[in-house]
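Have a look at the structure that comes next, please.
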Amino acid sequence: MAWVHPEQFRRCVVRYRGDYKVLSFTCWEQFLAMSFAQITYRESLADLEVCLRSRRDQLYHMGFRSVLAHSTLADANRTRDWRIYADLAQRLIVRARRLYAEEPLGIELDQTTYALDSTTIDLCLSLFPWARFRSTKAAVKLHTLLDVRGPIPTMIAISEGKQADVRVLDELIPEPGAFYVMDREYLDFERLYRFVLTGAFFVTRTKAGVQLNRLESRPVDRSTGIRSDHIVWLRNPQSAAHYPDRLRRVTCRDPEDGKVLVFLTNNFDLPAQDIAQLYKLRWRVELFFKWINQNLRIKHFFGTSDNAVKTQVWIAICVYVLVAIIRKELHIDLSLSQILQILSVNAFEQVPLAELITNTQSQDEWSYSSNQLMLWR
C-alpha cells in the first residue's frame, strides 16, 4: 500500500466527501480491506472479517484504526461514492503508463495503440434487479480501453449488460495520432467519423452488408497473407452522410485457420501488413479480461447495489495496476499472477516487498538432488 500516495488518496476522498461525518472506518480502511480481499482471494465479507480479525494484533500496523465488521464494510461499499476509487485508479494508471511506455509492441509503431472491447459479468437477477439483462438473468458489462503496451487499462466503463457495446464510443475522447483497434461491434460510421475529426486512427472489421465503392487498388505482397488493399467510399447515401470521407479496406487470410478477414481503417500510410498486425493486438484486451477473471474478485460481489459493484471493480483495477507498478519499479522478473500469489500468502509478513520477491526468485535457482521429490516446478 506504500505505492499509493497518501495525498492523492486524500484528494480523491475529499472530492466526493467520502469521509464526511465518518467517525470510524474511513475510506482508507475500506480500501485496505477490499484490497486485502483481492490479494488473498476472499469470497465474502464474512470470510474477510474472520481472516482480518484473526490477526487483530497486526491490523493497526497495516493501517486499520477501527474494529472491522462485515456489516460496517457492507455499509461503506453501499454508500461511499465509487468514484473515489475510480479516480485513484486513474492516477495509478498514469504512473503505470509512464513505466511501460517503452514496452515492445510487436510492430514498428511509435504512436500509442489502444484496444477496445467489453466482457459480460453474470449476476443473479433476484439479488441484482437493477442489472436486468434477460428475463431470467442479470449482468453488467465491463467496457475497457487498454493501452496494449503493458497492458494497462486506461478507461473503464461499467454498464448494464443489455447496453450495446458501440455506445461506449460516446464516452471516449479520441487521442490525436493514436490507434484504436476494435471489433466489428463498434462499426458505427457516425461515431467513427469523430476519430477522423480529432486526428485519431481506428482499425476495425467490416460487417456483412456494408456497401463500398472501390476508388483505388494498391499493390500487395500476397506472400504476407494480404489479399487486397483498396481505397473505398461508402455507397449507401445515409452512411456517406455520417462518414463523408474515404476509407481503406484491407483483406487478409489468417494463416492459422485460413479465415479471410476484412479490415476498415482511416489510416492510409501504414503498410497493409501492419494494419493486419494492429488488429491482432486486440487480443491483448481479451487476455486482460481472462487474467482479471482468474486472478481478481469480480465474479463474486460483496454487495448487491450498483455502488457496491462499481466500488469492488474499481478497487480490483487499483490492485492490478499497483502490482504492475511494483513489478516495473522493483525490476521483478515475474508475471503479475506470480507476484499476486506471493502476496496472497505473505500479506502479514513484516518483510520489505523487494526482499520478499528477491528471496522467492533466488529459491528458483536452488539445485535439488536427483532423488529429492519436488512439490512444484
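The values are calculated or read from the model by the stated rules, or taken from the named source; none is laboratory data. Keep in mind the model is a prediction, meaning the values are calculated, not measured. Because the Cβ atoms are built from the backbone with ideal geometry, glycine has one as well, and the counts that use them run over all protein chains shown.
Looking for whichever is closer than 17 Å to Val262 by Cα, touching a Phe, Trp or Tyr at 6+ places or on another chain (Cβ under 6 Å) and surrounded by 12 or more Cβ atoms within 10 Å (Cβ to Cβ) here; the options are Phe202, Phe179, Phe195. Which one fits?
Phe202
Of (1) more than 30 Å from Lys141 (Cα to Cα); (2) surrounded by fewer than 19 Cβ atoms within 10 Å (Cβ to Cβ); (3) modelled with pLDDT of 90 or more, Arg222 satisfies all except one. Which?
That leaves (3) as the condition not met.
What are the residues in the stretch 252-279 that are without any contact (Cβ under 8 Å) to a residue 12 or more places away in the chain and more than 19 Å from Ile231 (Cα to Cα), if any?
Within the stretch 252-279, Glu256, Asp257, Gly258, Lys259 meet the criteria.
Out of Arg91, Arg78, Arg95, report the one residue that is modelled with pLDDT of 90 or more, assigned by TED's automatic domain parsing to the domain that holds Ala33 and surrounded by fewer than 22 Cβ atoms within 10 Å (Cβ to Cβ).
Values: Arg91 fails: assigned by TED's automatic domain parsing to the domain that holds Ala33; Arg95 fails: assigned by TED's automatic domain parsing to the domain that holds Ala33.
Unique residue meeting the criteria: Arg78.
From the set of residues in the stretch 288-320 that are touching a residue at least 24 places away in the same chain (Cβ under 8 Å) and more than 24 Å from Leu45 (Cβ to Cβ), which is surrounded by the fewest Cβ atoms within 10 Å (Cβ to Cβ)?
Per the stated criteria, the residue is Trp291.
Right, here's the next one. Take the stretch 11-29 and flag every residue that is part of a helix (DSSP H, G or I), surrounded by 20 or more Cβ atoms within 10 Å (Cβ to Cβ) and free of Cβ contacts under 8 Å to residues at least 60 places away in the same chain.
Cys27, Glu29
What pairs can you find where one residue is in the stretch 59-75 and at positive phi, the other is not small (Gly, Ala, Ser), and their Cβ atoms are less than 8 Å apart, with a gap of 6+ or different chains?
Gly63/Met1; Gly63/Trp28; Gly63/Glu29; Gly63/Leu32
Ok, one more. Cβ-Cβ distance below 6 Å, separation of 6 or more or different chains: which pairs start in the stretch 110-121 with a residue that is under 11 Å from Tyr180 (Cα atoms) and end on one that is β-branched (Val, Ile, Thr) and not in a strand (DSSP E or B)?
The qualifying pairs are Thr113/Val148; Ala115/Val148; Ala115/Val285; Asp117/Val285.
Among the residues of the stretch 84-102 satisfying the criterion of being among the small types (Gly, Ala, Ser) and touching a residue at least 60 places away in the same chain (Cβ under 8 Å), which is nearest to Val323 (Cα to Cα)?
Just the residues of the stretch 84-102 that are among the small types (Gly, Ala, Ser), to begin with: 86, 89, 96, 101.
From the residues that got through so far, the ones that are touching a residue at least 60 places away in the same chain (Cβ under 8 Å) too are 86, 89, 96.
On the way: Ala86: 17, Ala89: 12, Ala96: 10 Å.
Only one residue tops the list, namely Ala96.
Could I ask something else about it? Given the criteria among the hydroxyl-bearing types (Ser, Thr, Tyr) and within 24 Å of the chain's Cα centre (by Cα), does Thr26 qualify?
no
Determine if the stretch 204-216 includes at least one residue that is outside any strand (DSSP E or B), among the β-branched types (Val, Ile, Thr) and more than 29 Å from Asp122 (Cβ to Cβ).
Yes, because at least one residue in the stretch 204-216 is outside any strand (DSSP E or B), among the β-branched types (Val, Ile, Thr) and more than 29 Å from Asp122 (Cβ to Cβ).
For the stretch 324-337, which residues satisfy the criterion of being of a type outside the set (Ser, Thr, Tyr) and touching a residue at least 12 places away in the same chain (Cβ under 8 Å)?
Correct list: Ala324, Ile325, Ile326, Arg327, Lys328, Glu329, Leu330, Ile332, Asp333, Leu334, Leu336.
Follow-up question, since we're still on this one. State which residue is nearest to the chain's Cα centre (by Cα) when the search covers only the stretch 30-67 and only residues that are surrounded by fewer than 21 Cβ atoms within 10 Å (Cβ to Cβ) and among the polar types (S, T, N, Q).
So the residue we want is Ser35.
Right, next: Being in contact with a Gly (Cβ under 7 Å, 6 or more places away or on another chain) and surrounded by fewer than 23 Cβ atoms within 10 Å (Cβ to Cβ) is the filter here; which residues of the stretch 113-135 pass it?
Thr120, Phe133
Moving to a separate point now. So which of Asp229, Asp245 ends up being in a strand (DSSP E or B), modelled with pLDDT of 95 or more and charged (D, E, K, R)? Let's see the steps before the verdict.
Working: Asp245 fails: in a strand (DSSP E or B).
Sole residue among the options that is in a strand (DSSP E or B), modelled with pLDDT of 95 or more and charged (D, E, K, R): Asp229.
Per-residue answers, yes or no, for (1) hydroxyl-bearing (Ser, Thr, Tyr); (2) within 19 Å of Lys299 (Cβ to Cβ); (3) part of a loop (DSSP other than H, G, I, E, B):
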{"site": "Arg42", "(1), (2), (3)": "no, yes, yes"}
{"site": "Asp47", "(1), (2), (3)": "no, yes, no"}
{"site": "Val50", "(1), (2), (3)": "no, no, no"}
{"site": "Asp57", "(1), (2), (3)": "no, no, no"}
{"site": "Phe64", "(1), (2), (3)": "no, no, yes"}
{"site": "Val67", "(1), (2), (3)": "no, no, yes"}
{"site": "Ile84", "(1), (2), (3)": "no, no, no"}
{"site": "Arg95", "(1), (2), (3)": "no, no, no"}
{"site": "Thr119", "(1), (2), (3)": "yes, yes, no"}
